[in-house]
Structures are given as structure tokens and as C-alpha cells.
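K.L.:
Supplied in C-alpha cells, the structure appears directly below.
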């Protein structure tokens, strides 16, 4: 808006309005005349009463795999421009639909919308194991793209494509899961360990595969799907957990260290317990019950489960007797874990950069992160952390004010702070909007944001 | 000040001639304590001919509130207080619907906009974001290496503050009153100017898809000095000033001890 030009126009309007009165003495306009000119000025409306807040998607991190969905980072649109290897701060990704769920895998991303339209899921990034489905290449109709540089629709074999809604997506190292409300779970990608829930075929070629498997046999409707590195976890409405995939670290929790290719129910300490949240990203898994208890199984080489056992692999879910209050949410990364309690406190344990300064590298018992690091102070005492998320070696926390805090290893700029150094305590990420949800990957992150007004 | 009883004149031991007790012209020297003539009021003249008065943080013409002055030897304390980098608190009043060229309501009108879509919730969201970005800038300009354990400990206590030059930083904002089209904010800031606060009100208006001008900037706290310690116009006389200085002495000393060590 040309403010200067507008001001001259206003001065012109004032002068014209003044000259209208015949016989008015020339000279600087008096206060009353200025006031009248002001009242006669036009009023602009930029947002009406029905203005809605807009939903946006912001991405940041390593871009050469195409996982950020911005093709100009990898293949610039002009010859003199250089490709952008790392996007260090949040960058807006234009999407056609409102994205309700996002997941970051190891070099690829899935975005899903809650719509009834035919296109519900978009994928970008690495597609060497068809973890983004079959992306038909323009040059050769029989071949699929190995790297997808912008969000491309994933065709799901739905029976009722105009009625089913996609609730959630999840991505692992080379496979992805899509959860729908009435047609079960769809899996695609690498199945060499049975993580897609179907029988392992020897020497199967996963690249350019059209196969998307559908899983329906669970005791009740699946409400959450989680991908670990090479295994999958399914949580049903009744509170039971099913698992399939690689089990050499016991991450399937089925009592053995073998591969499982059919989703099987977990027992152990969670038998009969109503589980309300499951989380995994590496080889360790955590589950939260409705009473606020935490259960864990899988890899414990980094002291994630050292509070109950000395063994480095736990293949049956074990109750973790932490006295930290009622737990609401848990998130498990490669070497560290984080839980959020009902009071809004954040507890971390495991190995790596845990968020309590450079001196705390490993702990088997959860330690609380002081709330003042999340913006709590005497001036604003009602700030609470509402969600916690985990990438492979980073952590993210969302507060009730819509602020995003990240800490951990800054692998290829994945923290989004604008700097390339590791962050040893929670640091705010400047996002132009209120952050609603965030998905963390190995070297990139995706966030769903609502604009302020 | 000159009429007040001054210091007693210095005393000096002098050997004065006095007539000898024997009598008859002999003079002997007797030690006596006499006031130094140079300290006599008629010789010295009025004690104060001019006073050195220094100003603390600037307050411009359109703003009001606490303004700290240093008198005489107190000017040295002013430099020390400046180096403490303490926060100042302002109440800023704003008005939605107008934009002017100098961001205050007495400037030339640039644009008028509607504001009925603005709610207190939207305003508080914007204020939260302003606080967040300024918090980040606080940590960045404090020139501490983020990778050290002491940086973590200071961040936990909330004591990280830039102790050198930095652009204007806002440590806390909160909305005190909201009655469309007027609103009032309480702002805690460092190294700011009042025009910067007016510009911030203008930018808040832009962010809410409308426009705003600043109607009032009032400093209610400058480091350790609050409005209660400040003297209003009616009390600009010697007794009140002396009393105010006496009351604030202890506060200033403890603050300087704490920050500068």
C-alpha cells in the first residue's frame, strides 16, 4: 500500500473540502477543519466479522531428498540460482486442502487431509521402496519416480473413496501406514521384515511396486497407527495394541525376537489394560494407559527401560514404575524418551541431548524440564505444555499458547532454529502462526499452523 | 539550599601571639584552635552557585511518567544504573481504526480501517507471539554461549539479559484493558525508545488486519524507581526532593550490589 501517495491524496481531499466553504481564509487548516476532513475520509476493510483463520503447513530441514516438498530447493527454476540443501527456518508449503495429519519418515513425508474428496493423502521425498505408493513417471509410464519433489497424491485402493476419511498417517524408515475411519489400515513400502503386515516375499522388489496392502482383522476399530524404524504398531478402540515387523530388539513386544508378518496382539504387562496412546520412532516403544501408567518394550541399550531391567532388549511390554504423576502422552525417539503429565510437566530420560543442559547426557530415571524454559513465569503463570513429539534425536513440545519448542541434535538443520548448532535446552521456533501440531523426522520437520487472525 | 545550615567551618591549630602573663610587652605563642578563615561564609560566598543535574533514561515530549534525575554526585550512580540494564515498565494506550504517519493520534491521518472483527483473544495471541520472538532475541543478544551449562542454568532462572548494547527488546507484554476501539497494554522493555513503543502499537494493528495509533505512553517503572517514588509537579520543592533521595538510597545501593557485584 503506498502510504505516502495515500497521504498526499488525503491532504488533497482536505484541501478540496476546505475550499468548498466560500470565503474561507487561506492558511494552515484549523483543528476543526482537519477533524472534518478526517471524518470524511474513506474507511478500508481488510477483514470482516466472518474472517476465518487460515490453516497452513510449514516445513524445514534437509531438502535434497525432496521431503520438504519444495522442488525449487532441489532443482532451482533459474540457472543462476543455487539449490538449497538445508532450510534452516520454517518455510510455508502451499497445499490445496487443509492438512489434518502429517508424518515424517526417514527422508520422506506424508500429508493427509480429512476430506471426502478422492485425493486424501499426498507424499513427497524418497520413494525407492514405494513408501509413497506408485508415482507414475512422465517419461516412462511403467516406471515410478524414485524421488518425489512435490506433494503428489497417493492413490489408495478404497472401496468407497468418496465416503471414507483418512484419520492419521505414520511413516517409518521405508514404509508408511494410512489409517482410515471405516476401511482399516493401508500399508505400503518395504516389507522385508513384515512391517507392512503381509507375508514376506523373498527377493521382492519394492521399488516401483503397485502393492498397497489393506489390514482389517483387529478386535475393534484401529484408532492410532505408529511406525517404528522397521516395525508397526496398531492401537485399537478397546485399548489393545497389535504389532508386526522386525523384532530383533523386542520392539514387537510379542515375547520373541523374530520377524512377525501379521499384526499380532501384545500381552505382557499391558494385557487387559486400556491403552490410550502408543509411540515409537526407533527401536523402542512406549504406551500410556488411561490411568496414567507408562509401559515400555524394545531396545533398552540407551537406558530407556533401565528402570525395570538391566537387559538391553525387552521383548514383552513392562510397566515402568515412575512416580511422576498421571502421564497424559509419551513420545519415544531413537535414544531418548519424553512424557507429558496431566499437570503439564515434561519429563525426559534416555541418552543424548535430553534438554537439561550439556551436562545431562544420560539418565535412566525421568527428570523434569523446568517449566520456565517453556515460557512459564510469574507474569504468565498459565502456560502449559500440551503435546510432546520425538524425532530420531530431537524433541518438540507444543504449549497452550501455540508456541513450538525444540531441543536435541540439530541434524542438517532439522530443529528449525535458524542455527546449525545442537540445542541443549528448549528453544522457541519462530513460526508466523499458532502451531497446532508438529511431526518430527530424522532430518526434517513438518508443522501444521493456524494463522493468527 | 544555600539558606540551610552548612557544614561547620574547618578548625585549625594556630599559634597565636598572646600577651605573656608576666606583663609588659612580651609576646608568647599560644596554641589555639581557630576556624579557618577560608571557610567563613562571607569569604566563601553561597555554597551552591549551580547544580549539576543529569537525566537518566530519556522520555520524549509526548510521553509521561517516571523520569530519573541525578543531582551532583548522584550522576555517577546514573552511569552505574545504566550499566545494570534493568527493565522499564510502560502502560501504552492504543486506539484501533486509524493509522497516522507518526504512529500517535496527533499525526497526519494515513488510513482508516474497520476494527469490529478484533477480539481480546486475537490481541492476546499477537502479544504472545511478540513476547516469544523477543524472548528469543533476549537469549541471542546476551552473547552467552548456548552450549554451556551456565547458559542453561541462567535460562532456567530467567536471568539471561543482554548486558551490552542491543536493539529494543520486550521482556513481557500483557493486555490490561480492552474496550473497542481502545485498549491498554503493559510493556516491560529494555533499551527502547517511546517511538519504538508507538511503532509497536501500529504493527499490532497491522497484524490484526486493521490499524492502530498510540494515544498514551506512560512510564510507570524505571529500574528500581516506581511511580510511588516519583514526585508529581506539586511536590517539586526542596524538602520532598531530599526525602525522595533518602528513601531511594537504600534501594539503589542494593540493586547496584546485586547486579554489578
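No lab work stands behind these numbers, since they all come straight from the coordinates. Please read all numbers here as calculations on a predicted model, not as lab measurements. Here the Cβ is made from the backbone with ideal geometry for all residues, glycine too, and neighbour counts use every protein chain on show.
K.L.:
Would you work out if segment A:143-200 is rounded, prolate or oblate? Take a ≥ b ≥ c from the square roots of the eigenvalues of the alpha-carbon gyration tensor; rounded if a/c is under 1.5, else prolate when a/b is larger than b/c, oblate otherwise. Write down the numbers at each step before the final one.
P.N.:
Details: a/c = 1.90, a/b = 1.19, b/c = 1.60.
Cα axes put segment A:143-200 in the oblate bin.
K.L.:
Okay, moving on. Whole percent per 10 Å bin, from 0 to the bin with the longest distance: what is P(r) over all C-alpha pairs of segment B:25-165?
P.N.:
Spelled out per bin, shortest first, that is 8, 18, 22, 20, 12, 7, 6, 4, 2, 1, 0.
K.L.:
Hey, another quick one. At what distance in nm do the modelled label points of residue A:436 and residue A:265 sit from each other, each positioned 7 Å from its Cα along Cα→Cβ?
P.N.:
Computed distance between label sites residue A:436 and residue A:265 equals 3.6 nm.
K.L.:
What base-10 log of the normalised intensity I(q)/I(0) is obtained for segment A:361-453 from the Debye formula, alpha carbons as equal point scatterers, at q = 0.25 Å⁻¹?
P.N.:
-1.39
K.L.:
Taking only Cα atoms, what is the 0 to 90° angle, nearest 10, from helix A:3-20's long axis to the longest principal axis of chain A?
P.N.:
That works out to roughly 30 degrees.
K.L.:
Now, a different point. For every helix of n ≥ 4 consecutive DSSP H residues, a contribution of -39,500 (n - 2.57) applies; sum these over the protein assembly as shown, divide by its total residues, and give [θ] at 222 nm rounded to the nearest 500 deg cm²/dmol.
P.N.:
-5000 deg cm²/dmol
K.L.:
For a footprinting-style exposure proxy, rank B:252, B:92 by other Cβ within 10 Å, fewest first.
P.N.:
Values: B:252 19, B:92 23.
The order, fewest Cβ neighbours first, is B:252, B:92.
K.L.:
Ranking A:289, A:220 by Cβ neighbours within 10 Å, fewest first, what do you get?
P.N.:
A:220, A:289
K.L.:
Calculate the mean, over all residues of peptide A:43-53, of how many other protein chain Cβ atoms lie within 10 angstrom of the residue's Cβ. Could you put the intermediate results ahead of the total?
P.N.:
Values: counts 7, 7, 7, 9, 10, 4, 3, 1, 3, 0, 2.
Rounded to a whole number, the mean comes out at 5.
K.L.:
Just the Kirkwood number for the protein assembly as shown, please: inverse of mean 1/r across all distinct Cα pairs, in Å, one decimal.
P.N.:
It works out to 30.4 Å.
K.L.:
What's the extension gain from residue B:193 to residue B:116 if we count 0.36 nm per residue and subtract their Cα-Cα distance?
P.N.:
Here the segment from residue B:193 to residue B:116 would lengthen by 24.7 nm.
K.L.:
In a Gaussian network model over chain B where Cα atoms closer than 10 Å are linked, find which of B:48, B:15, B:178 has the largest mean-square fluctuation.
P.N.:
B:15
K.L.:
Now for a separate question. If r is the Cβ-Cβ distance from residue B:18 to residue B:251 and R0 is 56 Å, what FRET efficiency results, to the nearest 0.05?
P.N.:
Calculated value: 0.55.
K.L.:
Determine the shielding of peptide A:427-434 by partner chains: average, over its residues, the number of Cβ atoms on other chains within 10 angstrom of each Cβ.
P.N.:
4
K.L.:
Still on this structure: Using a/c under 1.5 as the rounded threshold, could you call segment A:219-355 rounded, prolate or oblate? The axes a ≥ b ≥ c are square roots of the C-alpha gyration tensor eigenvalues, and prolate needs a/b larger than b/c, oblate otherwise.
P.N.:
In terms of gyration-tensor shape, oblate.
K.L.:
Further, regarding this structure: Can you figure out the FRET efficiency of residue B:28 with residue B:165, using R₀ = 60 Å and their beta-carbon distance, to the nearest 0.05?
P.N.:
After rounding to 0.05, the efficiency reads 0.30.
K.L.:
Ok, one more. Summarise the long-distance tail of P(r) for segment A:99-177 by giving the % of C-alpha pairs beyond 15 Å.
P.N.:
More than 15 Å apart: 53 percent of the Cα pairs in segment A:99-177.
K.L.:
Here's a follow-up. Using a Gaussian network model of chain B whose springs link C-alpha atoms within less than 10 Å, name the residue from B:46, B:167, B:17 with the highest mean-square fluctuation.
P.N.:
B:17
K.L.:
Using Cα atoms only, what is the angle between the long axis of helix A:31-40 and the major principal axis of chain A, expressed in degrees (0 to 90) to the nearest 10?
P.N.:
Here the helix axis deviates by roughly 50 degrees.
K.L.:
Moving on. What is the fewest-to-most order of A:86, B:53 by other Cβ atoms lying within 10 Å of their Cβ?
P.N.:
Exposure proxy ranking, most exposed first: B:53, A:86.
K.L.:
I would also like to ask the following. Is the shape of segment A:362-415 best called rounded, prolate or oblate, per the rule: a/c under 1.5 gives rounded, else a/b larger than b/c gives prolate, else oblate, with a ≥ b ≥ c the square roots of the Cα gyration tensor eigenvalues?
P.N.:
Note, shape of segment A:362-415 comes out oblate.
K.L.:
Just counting partner chain Cβ atoms within 10 Å, what average do the residues of peptide B:155-168 show around their Cβ?
P.N.:
2
K.L.:
Along the three principal axes, how long is segment B:1-50 when you take its alpha carbons, biggest first, rounded to the nearest angstrom?
P.N.:
Computed over segment B:1-50, the largest-to-smallest principal extents equal 52, 14, 13 Å.
K.L.:
Using alpha carbons only, how many degrees (0 to 90, rounded to 10) separate the axis of helix B:120-141 from the longest principal axis of chain B?
P.N.:
Roughly 50 degrees between the two axes.
K.L.:
Could you check the spin-label model distance between residue A:31 and residue B:241? Points 7 Å from the Cα along Cα→Cβ, value in nm.
P.N.:
Those two pseudo-labels are separated by 3.3 nm.
K.L.:
Let me know the volume per residue of the alpha-carbon convex hull for segment B:53-260, in Å³. Please report the intermediate quantities before stating the final value.
P.N.:
On the way: hull volume 28.1 nm³, N = 208.
Hull volume normalised by residue count: 135 Å³.
K.L.:
Working out 0.36 nm times the residue gap between residue B:3 and residue B:179, then minus their Cα-Cα distance, what length gain in nm do you get to one decimal?
P.N.:
Once the chain is fully extended between residue B:3 and residue B:179, it gains 58.0 nm.
K.L.:
Continuing with the same structure: Points 7 angstrom from Cα along the Cβ direction at residue A:359 and residue A:98: gap in nanometres?
P.N.:
4.8 nm
K.L.:
Would you mind getting me the FRET efficiency between residue B:49 and residue B:106? Use the beta-carbon distance for r and R0 = 51 Å, nearest 0.05. Don't skip to the end; give the middle numbers.
P.N.:
Details: r = 40 Å, r/R0 = 0.79.
My answer for the efficiency is 0.80.
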